[in-house]
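Notes follow once the structure below has been shown.
Please treat every number below as a calculation from the coordinates, not as lab data. In this text, all values refer to a predicted model and were calculated from it rather than measured experimentally. With ideal geometry, Cβ positions are generated from the backbone for all residues, glycine too; neighbour counts draw on all protein chains shown.
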Amino acid sequence: MSLNNKYDYIVVGQGLAGTLLTHELIDHDKKVLVIDAKLKASASRVAAGLINPVSMKRCIPAFPDYYLKEALNRYIELGKKLNFNFLNLKSLLRLFDSDETKALWEEKVSDKGMDIYIKEFINKNNFTFLNDHFSSAIIEPAGFLDVISFLDYSRIYFAKKGGFLDEKFDFSLFNDSEISYKDFKADKIIFCEGFRLTENPFFNYLPLAPTKGEVMTIKIPSKKYFDKIISKGVYILPLGNYLYTVGATYNREDVSDSLTVEGQSFLKERIDNILNLEYEILNSVAGVRPTVRDRRPLIGYHPENNRIGVFNGLGARGVLVGPYLSNQFVFHSLETIDRFD
Ligand SMILES: Cc1cc2nc3c(=O)[nH]c(=O)nc-3n(C[C@H](O)[C@H](O)[C@H](O)COP(=O)(O)OP(=O)(O)OC[C@H]3O[C@@H](n4cnc5c(N)ncnc54)[C@H](O)[C@@H]3O)c2cc1C
C-alpha cells in the first residue's frame with residue numbers, strides 16, 4: 001500500500017455532520033479521506049440553514065448559549081478559511097399567534113435565559129404586509145447558513161487537503177479489523193451518514209427516528225426586500241432578489257425525497273396566515289432529518305471496536321449544534337488517543 005493511501009481518518013458522509021467533523025480533524029493536522037455520493041433525500045442539501053437559538057413554543061433557549069457562540073464563530077472562521085461568507089446574520093421577527101403566547105413571551109423575558117435573545121417587543125403592526133394581529137418580538141442573534149455553498153466549498157477543500165471519493169460507501173469492501181476500504185487504510189473511520197445510519201451494520205441499533213421535511217422557495221414580486229426572518233408556525237427566510245425560503249414540515253411516516261400534498265398545503269396555509277400579499281411558489285424540495293427520539297445526538301465509538309465511530313443525530317437544528325458537537329467529539333477523540341496510544 002502506498003503512503004498516499006494511508007489516512008488518519010476516513011469520514012463517510014459529507015453532509016453538515018461530516019463536513020464540520022472533517023474541518024475539525026484537518027485543523028488538528030489529521031489526514032482525512034472523505035467519501036460521499038450526494039445521496040437522495042439527505043438533509044443538509046435541502047435545509048434552510050436557519051440558526052434560531054430559541055425554542056418558539058415554550059420560549060426558552062433551545063440549547064445552552066455556548067452552542068450559538070461556537071456556531072457563529074466557527075462559520076465565520078470557516079468562511080475566512082474557504083474565502084466565502086456562508087453566514088447571514090439577520091434579526092428574527094417572531095409573530096405571536098395569540099394574546100396568551102404574547103403574555104408568555106413577556107413573562108419569559110425577565111428570565112435570565114431569555115433576555116439575551118429577546119431584543120424588543122413591537123407592539124404596533126409596523127409591517128403592513130404581515131398578518132400581525134397579536135404583535136411581535138425581535139430575536140437576536142439569529143440568521144442562516146448557506147449550507148449548499150458551505151458543503152460545496154468544503155468538498156473542494158477536502159479533496160485538496162486529503163482525499164475525496166465521490167461514491168457510495170460499500171460495506172462489503174470494508175475490513176473492520178484493519179480499518180481498510182478498497183486500497184485505503186486509516187487509523188479510524190467515522191460514519192456521518194445522516195438518516196442512512198439505519199443501513200449501517202455497526203450502528204443500526206442506535207435509536208435514530210428520522211423525520212422528513214419539505215421546504216419551499218417563494219417569490220414575493222411586489223415586496224422590495226424584507227430583511228428579517230419571519231416565524232409563525234413556519235419560518236420565512238429572506239434570500240434577496242425577492243426570493244424567500246419557507247419551511248418546514250415534519251413527517252415521520254416516510255423517508256423519501258418526494259413531495260406530499262399534505263406537506264405542500266401545510267406550507268401554503270401557513271404562508272397565507274402570515275402574508276397578506278401575492279406570492280409565487282418557485283419550487284419545493286424534501287429531505288430527511290437524522291432525528292433521535294430523546295433529541296440527544298449519537299456520537300462516539302463502537303463498544304466492540306474503538307476505531308469505528310459515529311457522528312450523527314444532529315436533528316432539526318444541525319446548523320446550530322453541529323459546530324460545538326464536532327469540536328467536542330474531536331477534542332475528546334484526540335485526547336483519548338493521546339492517553340491510550
Ligand atoms: C427540510 C429540512 C429543513 C431543515 N432545516 C434546517 C434549518 O433550517 N436549520 C437547521 O439547523 N437544520 C435544519 N434541518 C436539519 C439539518 O438539515 C440536519 O440537522 C443536518 O443537515 C444533518 O446533517 P447530516 O450530515 O447528519 O446528514 P445529511 O445531510 O443527511 O448527510 C448525510 C450524507 O451522508 C451521505 N451518505 C450516506 N450514506 C452514504 C454512503 N453509504 N456512502 C456515501 N455517502 C453516504 C449522503 O450522501 C449525505 O451527503 C433541516 C432538515 C430538513 C430535511
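Among the residues of the range 284-310, just one is within 13 Å of the ligand (Cβ to nearest atom), polar (S, T, N, Q) and part of a strand (DSSP E or B), namely S284. Total residues in the range 160-176 satisfying the condition of being away from the ligand (no atom under 13 Å from the Cβ) and either closer than 22 Å to G318 by Cβ or free of Cβ contacts under 8 Å to residues at least 40 places away in the same chain (or both): the figure is 2.
Restricting attention to the range 156-176, which residues are among the hydroxyl-bearing types (S, T, Y) and either in contact with a strand residue (DSSP E or B) (Cβ under 6 Å, 6 or more places away or on another chain) or more than 16 Å from D27 (Cα to Cα) (or both)? Across the range 156-176, the qualifying residue is only S172.
Have a look at L259, L334, L320, L277 and point out the one that is outside any strand (DSSP E or B), within 13 Å of the ligand (Cβ to nearest atom) and surrounded by fewer than 21 Cβ atoms within 10 Å (Cβ to Cβ).
Values: L334 fails: within 13 Å of the ligand (Cβ to nearest atom); L320 fails: surrounded by fewer than 21 Cβ atoms within 10 Å (Cβ to Cβ); L277 fails: within 13 Å of the ligand (Cβ to nearest atom).
The match here is L259.
If only residues of the range 199-249 that are without any contact (Cβ under 8 Å) to a residue 24 or more places away in the chain and touching a strand residue (DSSP E or B) at 6+ places or on another chain (Cβ under 8 Å) are counted, the one that is nearest to the ligand (Cβ to nearest atom) is L239. A single member of F184, F195, F171 is loosely packed, with under 15 Cβ neighbours inside 10 Å and among the aromatic types (F, W, Y), and it is F171.
Filter the range 182-198 for residues that are part of a helix (DSSP H, G or I) and either out of contact with any Ser or Thr (no Cβ under 9 Å at 6 or more places or on another chain) or at negative phi (or both); which is nearest to the ligand (Cβ to nearest atom)? Once the filter is applied, the top-ranked residue is R196. I'm trying to understand the selection: among the residues of the range 1-35, which are within 16 Å of the ligand (Cβ to nearest atom) and acidic (D, E)? E24, the sole residue that qualifies.
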